[in-house]
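The values are calculated or read from the model by the stated rules, or taken from the named source; none is laboratory data. Note that the structure is predicted; figures quoted are calculated from it, not measured. Here the Cβ positions follow ideal geometry from the backbone for every residue, glycine too, while neighbour counts run over all protein chains shown. Accessible surface areas use protein heavy atoms only, side chains included; no ligands, DNA or RNA. Shrake-Rupley method; radii C 1.70, N 1.55, O 1.52, S 1.80 Å.
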Amino acid sequence: MNCFVGIDASTTATKALLMSADGEVLGVASSEYSYETPRPMWTEQHPDLWWQATVESIRRVLAESGVSPSEVKGVGLTGQMHGLVLLDDDGQVLRPAILWNDQRTGAECDEIRQRLGKERLIQITGNDALTGFTAPKILWVKNNEPQIFERVRHILLPKDYVRYKLTGEYATDKAGGAGTLLFDLEKRDWSKAVLEALEIDPAWLPPTFEGTAVTGYISPQAAEATGLVAGTPVVGGGGDQSAQAVGVGAVEPGIVALTLGTSGVVFASTNEPFIEPEGRLHAFCHAVPGRWHLMGVMLSAGGSLRWYRDTLAPGVDFDTLLAPVAEVPPGSEGLLYLPYLTGERTPYPDPLARGAFVGLTVRHTRAHLTRAVLEGVAFGLRDSFELMKEVGLADITQVRVSGGGARSPLWRQIMADVLGVELVTVNTTEGAAYGAAVLAATGVGAFSDVDSACAAIIRLTGRTAPGPARAAYQQLYPLYRDLYPALRPSFNAIARVGEQM
Ligand code: ADP
């Protein structure tokens, strides 16, 4: 039997998934770790954690599934994006990695916009400077830790450190590279102009590969550590979002992946590099060779419902909480909810945005509030769809929904009604690690390309078409849209007062 390993080095765990050549999941093993917050809003993790967890997870998944290492024909990598790993000339880690959710680089983001001009930056890279991205982290180390900076010889992303330990090669994938803010989006490679403007030595950056391209082979040392066979090919893979999209088969233009987890992600594949001129959508390379994607991120999607449940109905499970909601009419009888509990990314990159219930009357019950939360999240996600249409994305024909929130048929129906498009669920629920295994299988020739791989192994398991509530939501959406601009001055003022109290 031929099988493939997908490795996902996330912020909280590294997972190894074993997939058969016909797409069956033969086993999954995960090893957890945590991250450090040396100061408020800083997040760091030592790269050793990912490597140790990779070794443990591969060993465990091989042992538990009974698959012989010689049956593993390829390895694919995915993981947390944007993190900064710095190595010296000998490949030794110079400091803990600075992670995607670290917020220390506000000044460096301003510096990048100033050095390149915001418009030019977005034109080249597809994105505005965000604290999460890699480039501002590099400048932060240069500005604050010069003694470390002068020893830097290699810059890697988290999953590429695992790749380095597995193969001995410095390499990254195009999807991950595009998330550094150092990429020329159209050319799918490092941007000379950006590197020059930021005075970053191009020799420090690894060569870049498409998601299915072989970047190296399991080294004898890695074989000894993991139990895999030396010489097994390791493909480029992709950042967690693009690998997740491959994992649910959102690879062709027209099919959107909607992930309704703690955060909400709207991911659309494109054949060309679309750019939102103000950088309100992320534009990255896809893990699918020659494709790109646009992405909108809502910070508190499922997180809104969780906060609401934990605060107003502690101990109640989600199904029980949502049961009475079906009795409340669409629109919650004039109650609207804004989901900006932790600020927002898309469409309003505003850390000071706040959540709100607007339109409360004495008629409203807890079921109304619950429904309003489900609807508010759906409206907020529609904002990303609208932005994608504005930049010229052709027809969206299908939305593949996954994540915890997709378990609720009622929430799926509300989403379909608000978005006005069919929502489907698929048989593959293992997310990014599964996508990485699919990329590995394709890369070593088990499938002719990613589209055929997805068509062969991913099946639709459910459909939710827009229903009669569509009309009510069409009427309410403009009212929802009016609320953020109207409340923004108040959010700003409230955030300032809140800080002083
Ligand atoms: P994460 O993004 O943290 O990995 P999940 O994808 O598991 O999380 O999503 C968790 C969220 O999914 C919860 O916060 C909740 O909002 C939502 N959720 C989980 N189960 C249900 C359910 N049965 N009905 C509705 N929403 C649910």
With a ≥ b ≥ c the root eigenvalues of the C-alpha gyration tensor of region 460-501, is it rounded (a/c under 1.5), prolate (a/b larger than b/c) or oblate? oblate
Give the accessible surface of region 107-208 per residue, rounded to a whole number of Å², with probe radius 1.4 Å and ligands, DNA and RNA excluded. 37
Once the in-chain neighbours fewer than 8 apart are removed, the lysines whose Cα is under 30 Å from Lys389 read Lys118, Lys174, Lys187
Hey, if you drop one equal point scatterer on each alpha-carbon of the chain and run the Debye formula without solvent, what base-10 log of I(q)/I(0) do you get at q = 0.08, 0.11, 0.12 Å⁻¹? -0.48, -0.92, -1.09
Within region 96-150, report the GluC sites (Glu not before Pro) that DSSP leaves as loop and that have at most 12 other Cβ atoms within 10 Å. Glu150
How are the alpha carbon pair distances in region 3-237 distributed across 5 Å bins from zero to the largest one, expressed in percent? 1, 7, 14, 19, 19, 15, 11, 7, 4, 2, 0, 0
For the chain, which whole-number percentage of the solvent-accessible area (1.4 Å probe, protein heavy atoms only) is attributable to carbon and sulfur atoms? 51
I'd like the Karplus ³J(HN,Hα) series for region 160-167: coefficients 6.51, -1.76, 1.60, θ = phi - 60°, whole numbers in Hz, and an x wherever there's a Gly or Pro. 7, 5, 4, 4, 4, 5, 6, 10
Give me the compactness ratio for region 393-440, meaning the Cα radius of gyration over 2.2 N^0.38 Å. 1.33
Cβ-defined net charge surrounding Tyr348, 9 Å radius [Lys, Arg +1; Asp, Glu -1]: 0
Given H placed on each backbone N at 1.01 Å, which residues far from Gln80 in sequence or on other chains put an amide H within less than 5 Å of it? Ala9, Ser10, Thr11
Expressed in square angstrom to the nearest 10, the accessible area of Cys285 with a 1.4 Å probe stands at 0
Output wanted: per-residue J couplings in Hz (rounded whole) for region 201-217, from phi through Karplus 6.51 cos²θ - 1.76 cosθ + 1.60, θ = phi - 60°, x for Gly and Pro. 5, x, 5, 7, 9, x, x, 10, 10, 5, x, 9, 6, 6, 9, x, 10
Summing +1 per Lys or Arg and -1 per Asp or Glu among the other residues with Cβ less than 13 Å from Gly117's Cβ gives 0
Which entries in Lys15/Lys137; Lys15/Lys142; Lys142/Lys165; Lys137/Lys192 show an alpha-carbon gap greater than 22 Å? Lys15/Lys137; Lys15/Lys142; Lys142/Lys165
If you take the square roots of the eigenvalues of the alpha-carbon gyration tensor of region 165-293 and sort them as a ≥ b ≥ c, do you get rounded (a/c under 1.5), prolate (a/b over b/c) or oblate? oblate
Per the Kirkwood formula on distinct C-alpha pairs, the Rh of region 237-369 is how many angstrom? 16.8
Taking region 419-501, which trypsin sites (Lys or Arg not before Pro) meet the DSSP loop condition and have no more than 16 other C-beta atoms within 10 Å? Arg459
Sorted by chain and then number, the residues having a modelled amide H within less than 5 Å of the amide H of Arg400, at least 5 places away or on another chain, are Val256, Ala257, Leu258, Val424
